[in-house]
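The values are calculated or read from the model by the stated rules, or taken from the named source; none is laboratory data. Since the model is a prediction, treat every value here as computed from it, not as a measurement. Cβ placement follows ideal geometry from the backbone for every residue including glycine, while neighbour counts extend to all protein chains displayed.
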Amino acid sequence: MLKIDQVTIRFGGLTAVNEVDFEVKDGAIFGLIGPNGAGKTTLFNIISGVYAPNNGKIMLEGEDITGLQPYQICCKGIARTYQNINLFHDLTVIENVKIGCHSKVKSGLLSGILHTPAQKAEEKAIEEKCLGLLDFVGLTGKRDMLARNLSYGDQRRVEIARAMATEPKLLLLDEPAAGMNSKEKVDLTALISKINARGMTILLVEHDMKLVMKVTDEIAVLNFGKKLAQGTPEEIQANPAVIEAYLGGGIIGD
Ligand SMILES: Nc1ncnc2c1ncn2[C@@H]1O[C@H](COP(=O)(O)OP(=O)(O)OP(=O)(O)O)[C@@H](O)[C@H]1O
Ligand SMILES: [Mg+2]
């Protein structure tokens, strides 16, 4: 599904991502972990088109998508959520999710002004699709709440629903469990598996090792921009270099 091929990016004197290589198989849940500042979010920014790498390639299903603009990458089938939640706080939950449908909308400005039957039908279909997604992520009763009034956990669910509304093949989740309590983390673990069961490949950045070890098929570890290790959750937990990078333990979590 996704091939990261010798990807490097430099910010001034800092090489934030340094010749990183890995492949995410179609249908997998692939974990990307590493200490703070390792380059995980930067790599997400490269994959989603926020930054163009200095070297290397990003291939999606064999197609070179390196350096495309974010909206083009979205149209190719990659969607993401953000480490720092990125919602329209003064819009409602359902309005935020509808924004994710934009890339699929066929009606133009004129049909919108004229309210043509085709445009009305499309608007109804979008409403139904978004309600279905809110149901899927567990936010049915909160559709008309303003995003700003939701808990952290619920805001992250809205972001996930909005990303899913673009109908991606590949979903990038950047620390979806950040700020969640234990119950919310358990629900999130189930939600990630449920999204994957719907046929979406997932690339997950997460510090909660319990969640990562439970839900992923394969993991790559970044440290100071370099890939330190790659393997199954069992292999990664037993890898001395990985344990060392996490300052002598604590990787498995509570
Ligand atoms: N636009 C930028 N300009 C300069 N430096 C940057 C920029 N973006 C990221 N960096 C630097 O690149 C390095 C990697 O940052 P990044 O945010 O990718 O880390 P991370 O692995 O996501 O960390 P965390 O787990 O804390 O989220 C850091 O040293 C960061 O300060
Ligand atoms: Mg980050």
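For this structure, a couple of remarks:
- One residue stands out in region 170-199 among those that are within 11 Å of the chain's Cα centre (by Cα) and more than 16 Å from ligand 1 (Cβ to nearest atom): the one that is farthest from residue 49 (Cα to Cα), namely 192.
For every residue, the table says whether it meets (1) closer than 27 Å to residue 205 by Cβ; (2) more than 16 Å from ligand 2 (Cβ to nearest atom); (3) assigned to a loop (DSSP other than H, G, I, E, B).
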position	(1), (2), (3)
75	yes, yes, no
79	yes, yes, no
82	yes, no, yes
88	yes, yes, yes
99	yes, yes, no
103	yes, yes, no
106	no, yes, yes
112	no, yes, no
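- Evaluation of residue 144 against the conditions (1) of a type outside the set (A, V, I, L, M, F, W, C); (2) part of a helix (DSSP H, G or I); (3) at pLDDT 95 or above shows that the sole unmet condition is (2).
- Scanning region 22-58 for residues that are away from ligand 2 (no atom under 16 Å from the Cβ), surrounded by 15 or more Cβ atoms within 10 Å (Cβ to Cβ), part of a loop (DSSP other than H, G, I, E, B) and of a type in the set (A, V, I, L, M, F, W, C) yields one hit, 28.
- Of the strands (runs of 3 or more DSSP E) lying entirely inside region 167-248, not one contains at least 2 residues that are without any contact (Cβ under 8 Å) to a residue 12 or more places away in the chain and surrounded by 21 or more Cβ atoms within 10 Å (Cβ to Cβ).
- Taking the criterion of being under 18 Å from the mean Cα position of the chain (by Cα) and outside any strand (DSSP E or B), the only residue of region 1-21 that qualifies is 1.
- Candidates in region 77-93 are the residues that are more than 16 Å from ligand 1 (Cβ to nearest atom) and surrounded by fewer than 16 Cβ atoms within 10 Å (Cβ to Cβ); of these, the one that is nearest to the chain's Cα centre (by Cα) is 88.
- Hey, residue 126 closer than 30 Å to residue 62 by Cα and part of a helix (DSSP H, G or I) or not: no
- Odd one out for residue 47, checked against (1) within 16 Å of ligand 1 (Cβ to nearest atom); (2) farther than 28 Å from residue 198 by Cβ: (2)
- Among residues of region 1-28 that are closer than 13 Å to residue 46 by Cβ and of a type in the set (A, V, I, L, M), those with a Cβ under 7 angstrom from a residue that is within 16 Å of ligand 2 (Cβ to nearest atom) and part of a loop (DSSP other than H, G, I, E, B), sequence gap 6+ or separate chain, pair up as 9/51; 16/39; 16/225; 17/39; 17/225.
- Residue pairs meeting the criteria (Cβ under 6 Å; at least 6 apart or on separate chains; first farther than 13 Å from residue 221 by Cβ, in region 35-46; second modelled with pLDDT under 95): 41/83
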